[in-house]
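Can you keep this structure in mind? I'll have questions shortly.
Quick note: the coordinates plus some simple rules give every number you see, no bench work behind them. This is a predicted model, so every value here is computed, not measured. Quick reminder, even Gly has a Cβ in these numbers, built from the backbone with ideal geometry, and neighbours come from all protein chains shown.
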Amino acid sequence: MANSKIKIEVFSAPVCRKCIKTFRLVETVVSELQNDSIELRKVDIVEELDYAIELGLRATPAITINGKLVFTATPTHSDLRVAIQSQLSS
Amino acid sequence: MNLKNRHIGEVSRQLGMSADALRYYEKIGLLQGVGRTVSGIRIYDDKDISRLKFIKRAQKMDFSLAEISKLLQMRGDPQHARTEVRELTRQKLVEISNHLRDLTLLRDELTLLVNLCQGSESGCPIINTIEEDESRVLKS
């Protein structure tokens, strides 16, 4: 398996419960994968509105991997894991 | 094409332009050849309505009446328009494109803001109605 560096960003709003749930899920999956190549960042959409628009976001929560919008809502654990592993091996 | 002729009051109501404005546009040449009944009452045909709609759109873009007059020349006879008129048309096209880009960006920002989670117990009210708990995978 290749070991590409990947950047995961979870876009959330200040009072978004689903965003909190989504970020926790991503943290869990990243932790399970035990891979130092993964960089995880929580993005406050209000603080970085221009960046969010640039990436094509229209709602929260949303997850991007390497600058590409991958999930527009809370994914399942397995879908998220597959998406991250796919990026790690590419 | 509907060739129904309309009186000034009807055109005024339809387009949201005052009768005075319609008469003024004719006076300064933005509208030419507006028909008259035998008793001298103005009658507007589809071509006039089309020009008036163009004028209204151009005014919404804050184009001056002088500029609109030139654009109407281009609109009426694009192949024989003077260089100056062609250049103005190109310039206005750039302005409209920039404006459109700004509007698109603003629309996207407002869409995102409207869709932001509101912090209710159930999460994101707007989004929940369309997705429930299922996530949509855009790219794998």
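Remind me, relative contact order of chain A in percent, using alpha carbon pairs under 8 angstrom and six or more residues apart?
Numbers: 134 pairs, mean separation 38.1, N = 90.
Normalised by residue count, the contact order of chain A is 42 percent.
Under 18 Å Cα-Cα from A:Lys42, which lysines qualify once same-chain neighbours fewer than 8 residues away are excluded?
By straight Cα distance, A:Lys42 reaches A:Lys5, A:Lys7, A:Lys18, A:Lys21, A:Lys68.
Okay, moving on. In whole Å, how far is the Cα centre of the range A:72-90 from that of the range B:1-63?
Each part's Cα centre sits 60 Å from the other's.
222 nm [θ] for chain A, helices only, -39500 (n - 2.57) per DSSP H run of 4+, per residue, to 500?
Details: 3 runs with 36 residues, N = 90.
That calculation yields -12500 deg cm²/dmol at 222 nm.
Separate question: Please report the antiparallel percentage of the DSSP beta bridges confined to the range A:6-89, to the nearest 5. Don't skip to the end; give the middle numbers.
Numbers: 7 of 14 bridges.
Given both bridge residues lie in the range A:6-89, the antiparallel proportion sits at roughly 50 percent.
Per residue of A:39-49, count partner chain C-beta atoms within 10 Å of its C-beta, then hand back the mean as an integer.
Values: counts 0, 0, 0, 0, 0, 0, 5, 3, 0, 0, 4.
Across A:39-49, the average partner-chain Cβ count within 10 Å equals 1.
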